[in-house]
Amino acid sequence: HTLTVQSDGYEIARRILNVPGDTSLYIPLVRNTGALLVTSIPSGATVYVDGQEAGHTPVTLHLGIGSHRLVWMLGGNQHQETVEVQSGIQARGYRF
């Protein structure tokens, strides 16, 4: 038999099992993520994701699929936007 497990925010997991031989089955779920390459001109801006510091530009962030609030800060300047992270690699940049 083939067992399929689905949960929002996670990749689909499939396992083959033998009935009645298999009495238990462990299925780890892998979180669905996307990569976001964040840059700025000039580089070195502090990046915050959902209120948490995430590094300095350029930086590659691995985030859960969905909406995230992204903030760049450099000197006294700030830029913020909401990004919709999807599977794969996306890029976001800002020029100060």
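The values are calculated or read from the model by the stated rules, or taken from the named source; none is laboratory data. All values reported here derive from a predicted model rather than from experimental measurement. A quick note on method: Cβ atoms are made from the backbone with ideal geometry, for glycine too, and the neighbour counts reach across all protein chains shown. For accessibility, only protein heavy atoms count, side chains too; no ligands or nucleic acids. Shrake-Rupley method; radii C 1.70, N 1.55, O 1.52, S 1.80 Å.
Using 0.36 nm per residue of separation minus the Cα-Cα distance, give me the extension gain between His56 and Asp22 in nm, one decimal.
Extra length from His56 to Asp22 when fully extended: 7.3 nm.
What's the magnitude of the charge dipole for the chain around its Cα centre, counting Lys and Arg as +1 and Asp and Glu as -1 at the beta-carbon? Answer in Debye, nearest 20. Don't jump to the answer; show the numbers that get you there.
Values: 6 positive and 7 negative charges, 32 e Å.
That gives the chain a dipole magnitude of about 160 debye.
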Determine the share of the chain's accessible area contributed by carbon and sulfur atoms, expressed in whole percent, with a 1.4 angstrom probe. 49 percent
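Compute the relative contact order of region 14-96 as a whole-number percentage, counting only Cα pairs closer than 8 Å that sit 6 or more residues apart in sequence. Spell out each step's value before the answer.
Working: 157 pairs, mean separation 28.0, N = 83.
Relative contact order here is 34 percent.
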Which one is right for this structure if Cα Rg over 2.2 N^0.38 Å is calculated from it: (i) 1.05; (ii) 1.45; (iii) 1.54? (iii)
